[in-house]
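Report on the structure given below.
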Amino acid sequence: MTKVETLEDNSEERVKPLESFLSRRSFLGKSLAVGAGTMGAGLLAKTLTAQVSDANSRGGLTRGDADILRFLAAAELIEADLWQQYNELGGIQDPEVPGGTGNPAYTAALAVLDEDMDQYIHDNTDDEITHAAFLNAYLASKGAEPVNLDQFRTLPSSQATGAQQIGRLTNLMQLTVDTSWWTRYRSDNKNPDFGDTFQQAVAGLAAGQFPAIPRNNGDLTPPDHLQAIANTAGFHFGFIEQGGTSLYPSLAQRITHDEALRILLSIGPTEAMHFQTWHDKAGNAPPLTDPTNGLVFPDLNSPPFGGEQFQTNLIMPEPTIFLSRTFPIVSIIRPTETTGAAMAALNSLTADGLFIGQSQAFFTLLTQLAQAADHARHGR
């Protein structure tokens, strides 16, 4: 296999990944599990001194802070990889987001959702590349180990005109897209943090495996098939970015270091900006049936949808229950439950089909990163 060109090498501003790969970090010694009341004063003092020394070696970051930042760096590398594939075929082609030459037919199908889709795809791609590069650079600046996923860039590229022929981290050609985010953000009496579930906006997308980019030039016809691929992409955009919108506030609750918290509170809202954009565009997906596989995109302005809460131009979070059902409803991001947030995000991406074809080593590493992030606690 030829040497894979990576996102990190695209420009001088992108951070070059280190050669060493992240190994599962050791959790705090078993002695910390012993209750402080039964711990000898000397042992407790030594433990706390070791913790301080450990944090100092990471420029003030606690072990948990570094674990959270590493998981987020991995998530951003994954996002950057999938968004670059979208941009190569359907986005603006320029040196800011290099790679690919564009696919006019696919770009035109995406433009049915909005005439500026190519610009939005380009900008979302650029944002995710910078997020990954910044997080890894920040980790390195603190003496903490950054994340490098280059060894897993082995999945095939689309064979359609416009795509680079390089190894990928993600697979956009066999997606099972959860579209319940559409109904979740329109509910005024449910919240996934309470265990509530939500109806799929496009039931078929959640029940099969479908391409969100043309797999080859054969997917450029017939017209309704290509439009179904573009519609799938439109709903997948929203799925990906609502995940990031929730992930940052969920993990921010576990951060200790003030500067690390500032990073999460500064990157997270940009994910929400992305999500609102794609929430708007998905509503413009034309109703149709794909003649090649029977995938149905319903009219979202007709029953069982439609009505005041489901009209497609509503893109701001409907106020809903939060913290307790006794409080007044409030417009919020959801979910933001912190327990198990990283593993929930990884499981969601896996169920999406993004990693079909990846190695067991890839899943092992991502699971270790997610478990470490979920193990982090404020103050350690």
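The values are calculated or read from the model by the stated rules, or taken from the named source; none is laboratory data. All values derive from a computational prediction rather than experimental measurement. So basically every Cβ, Gly included, is an ideal-geometry build from the backbone, and we count neighbours across all protein chains shown. The accessibility values were calculated without ligands, DNA or RNA, using every heavy atom of the protein model including side chains. Shrake-Rupley method; radii C 1.70, N 1.55, O 1.52, S 1.80 Å.
Points to keep in mind about this one:
- Cut-off under 5 Å, modelled amide H: who pairs with Arg168 long-range: Thr154, Leu155
- Amide H to amide H distances under 5 Å link Gly162 with Thr101, where only residues 5 or more positions off or on other chains count and H is placed in the peptide plane.
- By the Cα gyration tensor, the stretch 200-242 has an equivalent ellipsoid whose semi-axes, rounded to whole angstrom, run 19, 11, 9 from largest to smallest.
- Packing-based ranking, highest mean first, of 222-235, 277-290, 187-200 given that Cβ atoms within 10 Å are counted: 222-235, 277-290, 187-200
- Modelled label positions at Phe363 and Ala203, each set 7 Å beyond Cα in the direction of Cβ, lie 2.9 nm from each other.
- Amide H contacts for Thr320 (H built 1.01 Å from N in the peptide plane; partners 5 or more residues away or on another chain; cut-off under 5 Å): Val330, Ser331, Ile332.
- Stokes-Einstein D in µm²/s, Kirkwood radius over Cα pairs - the stretch 126-252 at 37 °C with 0.692 mPa s viscosity: 190 µm²/s
- Sulfur and carbon atoms: percent of accessible area, the stretch 70-128 [1.4 Å]: 52 percent
- With a cut-off of 14 Å on the backbone N, no residue of the stretch 115-139 is near the modelled label site 7 Å out from Leu265 along Cα-Cβ.
- Cβ charges +1 (Lys, Arg) and -1 (Asp, Glu), total dipole of the stretch 239-380, debye: 480 debye
- Rolling a 1.4 angstrom probe over the protein heavy atoms with all chains in place gives the stretch 76-115 an accessible area of 30 Å² per residue.
- For the stretch 319-380, taking Cα atoms only, Rg and Dmax work out to 15.7, 47 Å respectively.
- Where Rh is the Kirkwood radius over Cα pairs, Rg/Rh for the stretch 85-145: 1.17
- Karplus 3J(HN,Hα) series, Hz, for the stretch 88-94 with 6.51 cos²θ - 1.76 cosθ + 1.60 (x for Gly, Pro): 4, 9, x, x, 5, 9, 7
- Taking the protein heavy atoms of the stretch 196-322 in the context of the full set of protein chains, the accessible area attributed to carbon and sulfur is 55 percent at 1.4 Å.
- Calculated P(r) of the stretch 213-350 - Cα pairs past 17 Å, %: 69 percent
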